[in-house]
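Worksheet for the structure shown next.
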Amino acid sequence: MARNVNIPIKSHKVRRALSKEEIRKILITAKDNPHLCRGYIYEVVMLAIYTGLRRGEIRSLCWEDVHLDTRKIYIQAKMIDGEEEFTPKNGEASTVNIPNRLHEVLVKMEQKGPYVFGGEKPLPPNLFYKGFKDIVLRAGLDPSLTLHHTRHTYGSTLLQLTGGDLRYVQEKMRHADINTTKQYMHTIMSGNAPEMVLNYGEE
């Protein structure tokens, strides 16, 4: 005799994206507090918002990876501090574009060493977490927001701008599994996605 069996339905994870107003407040606050993250907080936030780089990718970024002439950033495996290896999650080198607003910021930065953030040595990873958390609190925003939410925002926006091109977004987000990329589609469908413009500013 058959019995009624409750089959669990797999829920789709909705990734929290920042609103354009939240981004505006974060950028204003970052610019007003240049001492945070050893003087790099504004540049770190701009890079995160406009490229969707992970914290480890930002920390390990070297100037040789930043091609301002072609407006490309190359993300590839490398050593950090001579011992810690950082490798993109999909195991392959990838590129992301440098939008105009980010390009304006990067060309003004002084190249103090091989690393974009830190000069001769990369910054400690906890500085990125603490710096962004401080900005969020000073801006009066949701205290649960982290630097990784900028990545969710980039992914959701890119998916909208490409008309839902999952393969392209998977490549730019460096997702090993396309199902991870599909979670951004659920973010859009839920209405929890930023405005469809990758042009955030402090205005």
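General observations
- Here Glu120, Glu104 are placed in order of increasing Cβ neighbour count within 10 Å, fewest first, which gives Glu120, Glu104.
- With neighbour counts taken as other beta-carbon atoms within 10 Å, the residues Met109, Met173 rank, fewest first, as Met109, Met173.
- Neighbour-count order for His149, His175, fewest beta carbons within 10 angstrom listed first: His175, His149
- Peptides ranked, highest mean first, by Cβ atoms within 10 Å: ranges 54-66, 160-172: 54-66, 160-172
Since every read-out is calculated from the coordinates, none of them should be taken as a lab result. From a predicted model like this one, the values you see are computed outputs, not experimental measurements. Quick reminder, even Gly has a Cβ in these numbers, built from the backbone with ideal geometry, and neighbours come from all protein chains shown.
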